[in-house]
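Data first, discussion second: the structure below is written as structure tokens.
The values are calculated or read from the model by the stated rules, or taken from the named source; none is laboratory data. Bear in mind the structure is a predicted one, so any value in this text is a computation, not a measurement. Here the Cβ is made from the backbone with ideal geometry for all residues, glycine too, and neighbour counts use every protein chain on show. Surface areas here come from the heavy atoms of the whole protein model, side chains and all, with no ligands, DNA or RNA. Shrake-Rupley method; radii C 1.70, N 1.55, O 1.52, S 1.80 Å.
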Amino acid sequence: MPNHSVRTLLIACCVTALLAAAVVAGADEPSPQAKPTLANRLPAFHDLVRADAAPLAALPTQGDSLSLFKTVIGPQLGLNDVAMTLGAKGLTPAMSQELLIPDLTKSANELVRGLAAWQLTEAAKDSSISAGIEQRESLQRQIESQMTWLTEGTTLETPLRQLLALLKEFPTQEAAVPLQGTAAQIEAWAIDTVHREWFRLYNWKDQVRQQRGLTRLCGTWQWSIHNHQNHREEKTAVIFAPPGIASSTSPAEIIVLGDSVYLRWETRAGVQEDSLLFSGEGQRLEGTFVNTAGGWGSITGKRTATCVTDGGGKPAPSPRRQHH
């Protein structure tokens, strides 16, 4: 018994020592560096502006904003699919339109321009009274080279010219205050632009899916409706306009995901929701409806005409849909 107790004690000591060694070794090993993100899972834009200050400051005279997005900015901001799509070769005009390439290109350029303006404000804020004359002159040259690019279609011309004038003045403690205030105006525009365009690019796939769904739905449909509330049968024609064209009588919301179609109608009579499924190779719609008046029942739709426009090139107006 004494020998058994001694052996047990020795084994326990060895296990404890091994566990302690493993903990120490694990503490010594550097943890993998996490990708810098904000608490709400947005990219750390501020860190990127600091890290890519040189290429951003060189735009547009020594670089191309779209090329910088495809090779550097896009991947760093979690937009790899967008960057690869913009870099794809041999896309047909129809495919480019379906993938929203013109919109992607515009948003990518605007995002990079916003980052460049943000970087400029960071440099301006760093250019305090203790900054050397060479640093201030370098920033002046950057503003002059980016002035046309940053002010085209924006409200930045006045604050940029004010910033340029302040940088040319002799640096004093009193001059630092208006300089910081002017930089803050430009920074506010930059932050708003960067966040807006990033969200557009991040949600690009959903926009493509929605456009494909709206294209599939577009056309004239003959709907047969059975209202279980009053056991009435109704037939009505519903016309869905092409993507990007809205009508005052169109549904308030249309969501198409695969074969599933959700419609929300908002009228003075109340709200109605239709849940439908494509069938018959996209030539039929079947599902149910429910509304705030207590009505509910089934819907069977059949396509009677393809997606067309009237003689003026505008889609025919969509009739208001109600179930009685």
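Give me the percent of accessible area attributable to carbon and sulfur for the stretch 226-283, probe 1.4 angstrom.
Ligands and nucleic acids excluded, carbon and sulfur reach 50 percent.
How do 231, 46 rank by accessible surface area computed with a 1.4 Å probe, from largest to smallest?
Numbers: 231 130, 46 80 Å².
Result, largest first: 231, 46.
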Mind pulling up the Rg/Rh value for the stretch 251-293? Radius of gyration and Kirkwood radius, both on Cα.
1.03
Here the alpha-carbon Rg of the stretch 113-184 over 2.2 N^0.38 Å rounds to 1.02
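Give me the percent of accessible area attributable to carbon and sulfur for the stretch 131-212, probe 1.4 angstrom. Mind showing how you got there, number by number?
Numbers: 2390 of 4630 Å².
Looking at the stretch 131-212 in its full context, I get 52 percent from C and S.
Net charge within 13 Å of residue 283 by Cβ-Cβ distance, Lys/Arg positive one each and Asp/Glu negative one each, not counting residue 283 itself?
Values: positive: 216, 284, 302, 303; negative: 259, 281, 286.
It works out to a net charge of +1.
Where Lys and Arg each count +1 and Asp and Glu each count -1, what net charge lies around residue 222 among other residues with Cβ under 12 Å from its Cβ?
Around residue 222, the surrounding residues sum to +3.
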If I take all pairs of Cα atoms in the stretch 164-266, what percentage of them are more than 15 Å from each other?
77 percent
Given the C-alpha centroids of the stretch 203-261 and the stretch 112-184, what is the distance between them in whole angstrom?
51 Å
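Counting only heavy atoms of the protein chains, get the accessible area per residue of the stretch 180-250 (1.4 Å probe) and round it to a whole Å² value. If you can, show how the numbers build up before the last one.
Details: 3670 Å² over 71 residues.
It amounts to 52 Å² per residue over the stretch 180-250.
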Find, to one decimal place in angstroms, the Kirkwood hydrodynamic radius of the stretch 142-209, where the mean of 1/r is taken over every pair of different Cα atoms and then inverted.
13.9 Å
Charge tally for neighbours of residue 200 with beta carbon under 11 Å away, counting Lys, Arg as +1 and Asp, Glu as -1, is -2
